[in-house]
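What follows is a short report on a single structure.
The values are calculated or read from the model by the stated rules, or taken from the named source; none is laboratory data. Worth saying up front: this structure is predicted, and the values here are computed from it rather than measured. Note: ideal-geometry Cβ built from the backbone for every residue, glycine included; neighbour counts use all protein chains shown. Side chains are part of the model used for accessible areas, which takes the heavy atoms of the whole protein and leaves out ligands, DNA and RNA. Shrake-Rupley method; radii C 1.70, N 1.55, O 1.52, S 1.80 Å.
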Amino acid sequence: MHLEVGIAMDHLDGLTDSTGLIQHAIYSIPRRESGYTTDDNARALRLCTRLWGRHPDERMLRRLTVYLSFLEFARRPGGGFHNFLSYQRSWLDVEGCGDCQGQAIRALAEVLGSNLPHDYRVLARELIESLLPILADLRSLRAQAYVILAWGHLWTEGVENMDRFENVAWSASQRLLESYNRSLRPDWPWFESRLTYANAVLPHALFLAARRWPKEAYLEVAEASFAFLDRATTADNVFWPVGNIGWYSHGADKALHDQQPVEAVTMAEAALAAYAVCNDEKHLATFRRAYGWFHGQNSLQQTLVDVQRGACCDGLEPAGVNRNQGAESTLSYLWTEVQNLEVQGALSDRGKAAVASA
């Protein structure tokens with residue numbers, strides 16, 4: 001078991017070759033015919049950048065080099081990124097989807113706001129600046145949310161000369177607000193007429209926007225929508241996300257399966273963002289439910305993770321756990337582990353400060 005600050009990386013390394021991170025696995029074995037995606041490599045880049053900040057070493061830098069190089073290779077001449085690359089290294093799409101651009105910009109923001117070597121940060125800034133015209137035209141709500149989260153990370157880290165990016169993030173925040181107001185019903189305080197995938201990134205983005213622009217209605221909408229999502233995805237005090245077999249439309253029943261790890265990680269992240277703004281302990285309870293979902297605190301009471309290898313199964317199905325351990329699932333689990341380490345560290349520091357001041 002190879003540990004990086006307490007987190008096993010063996011499975012991620014097994015899915016990664018000299019090109020990048022392979023998308024899918026058959027059980028724990030890389031499925032080469034699935035090829036690679038920019039959004040998975042972006043998630044891996046973001047994870048490894050955060051881990052580098054905790055414990056920089058050469059092995060982590062080698063991982064980072066592969067993932068950042070993949071994003072540079074994915075850059076399209078007309079702006080934006082391709083998403084799907086075959087195992088034979090041929091691009092399979094004309095242009096990547098909006099969510100792919102959002103994942104890429106979020107990872108690049110992590111790199112630019114880090115203490116990585118200068119060349120890595122220079123390339124990240126170059127890629128961000130080349131992407132800005134594309135970001136302004138994205139229509140996916142989740143892509144808009146990723147843009148806000150990417151800019152928010154740079155703002156939090158104090159990265160300078162980001163005025164153009166801030167304007168894009170402001171516009172994205174306004175679009176989320178407009179979508180919420182259009183879809184709002186007395187029993188449905190949400191941004192769309194149904195809950196689908198990665199739902200929590202929408203209120204998460206507005207919690208961050210509320211910190212930057214407190215005079216707007218962002219916080220009110222973030223709190224109402226996140227509380228609604230929390231109610232919709234909690235049953236018997238466990239996290240029970242919307243399944244992707246049918247989703248959850250207004251006026252219909254929530255799909256119970258296939259539950260995906262990406263729902264748990266986005267819920268965990270949003271809960272911590274809510275706690276940072278509101279300082280309400282209920283948000284830490286929401287984080288712990290989402291974190292616990294990976295470890296057996298779920299509707300099937302079955303663990304999805306192999307802690308020794310740092311692997312995660314692809315979801316909960318009606319008959320049990322999907323035993324394939326793909327890239328998105330594994331990265332969702334690993335990022336939630338990083339968050340848990342950060343939460344425990346912050347709570348420990350707060351406890352020490354309280355003792356010191358007593």
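Charges were assigned to the Cβ only: +1 to each Lys and Arg, -1 to each Asp and Glu. The resulting dipole of the stretch 78-142 about its Cα centre is roughly 120 debye. Stokes-Einstein D for the stretch 52-207 at 25 °C, 0.890 mPa s, Kirkwood Rh over Cα pairs, in µm²/s? My calculation gives 148 µm²/s for D. Heavy atoms of the protein chains alone define the surface here; on that basis the stretch 100-226 has 41 Å² accessible area per residue at 1.4 Å probe size. With a Förster radius of 25 Å applied to the beta-carbon distance between residue 122 and residue 13, the computed FRET efficiency rounds to 0.40. Summary value for the chain: 16 percent relative contact order, contacts being C-alpha pairs under 8 angstrom separated by 6+ residues. In the stretch 165-246, the portion of solvent-accessible area held by carbon and sulfur atoms comes to 48 percent [1.4 Å probe, whole percent, DNA, RNA and ligands not counted].
Net charge of the neighbourhood of residue 274, taken over other residues with C-beta under 12 Å away and scored Lys/Arg +1, Asp/Glu -1, is -3. Each other residue within a Cβ distance under 15 Å of residue 106 adds +1 if Lys or Arg and -1 if Asp or Glu, for a net charge of -2.
Membrane-span-like helices in the chain, defined purely by DSSP H runs whose alpha carbon atoms cover 18 Å or more axially and whose average Kyte-Doolittle hydropathy reaches 0.0, are 58-74, 98-112, 118-135, 141-157, 218-232, 261-278.
Take every Cα pair under 8 Å whose residues are at least 6 apart in sequence, average their separation, divide by the length of the stretch 1-77, and the relative contact order is 26 percent. Near the amide H of residue 240, within less than 5 Å, lie the amide hydrogens of 234, 235, all on another chain or at least 5 residues away, with H placed in the peptide plane.
Diffusion coefficient (Stokes-Einstein, Kirkwood radius over C-alpha pairs, 10 °C, 1.306 mPa s) for the chain: 77 µm²/s, rounded to a whole number.
Taking each residue as 0.36 nm, the span from residue 344 to residue 281 lengthens on full extension beyond its C-alpha to C-alpha distance by 21.3 nm. When the helices of the chain are scored as -39500 (n - 2.57) per DSSP H run of n ≥ 4 and the total is divided over every residue, the value at 222 nm lands at -19000 deg cm²/dmol. Full extension of the chain segment joining residue 227 with residue 297 gains 23.2 nm, where the gain is 0.36 nm per residue of separation less the Cα-Cα distance. Under a model in which nothing but the beta-carbon of Lys, Arg (+1) and Asp, Glu (-1) is charged, the chain shows a dipole of about 140 debye around its Cα centre.
The convex hull drawn around the Cα atoms of the stretch 1-94, when projected onto a plane and averaged over every direction, covers 6.3 nm².
With both labels modelled 7 Å from their Cα along Cα-to-Cβ, the residue 216 to residue 308 distance reads 4.9 nm. Segment residue 193..residue 90, full-extension length gain: 33.4 nm, with 0.36 nm per residue of separation and the alpha-carbon distance subtracted.
Roughly how big is the stretch 125-194's charge dipole about its Cα centre, with Cβ charges of +1 (Lys, Arg) and -1 (Asp, Glu), in debye to the nearest 20?
420 debye
Restriction of the chymotrypsin sites (Phe, Trp or Tyr not before Pro) in the stretch 23-55 to DSSP coil positions whose beta-carbon has at most 11 other beta-carbons within 10 angstrom yields 27.
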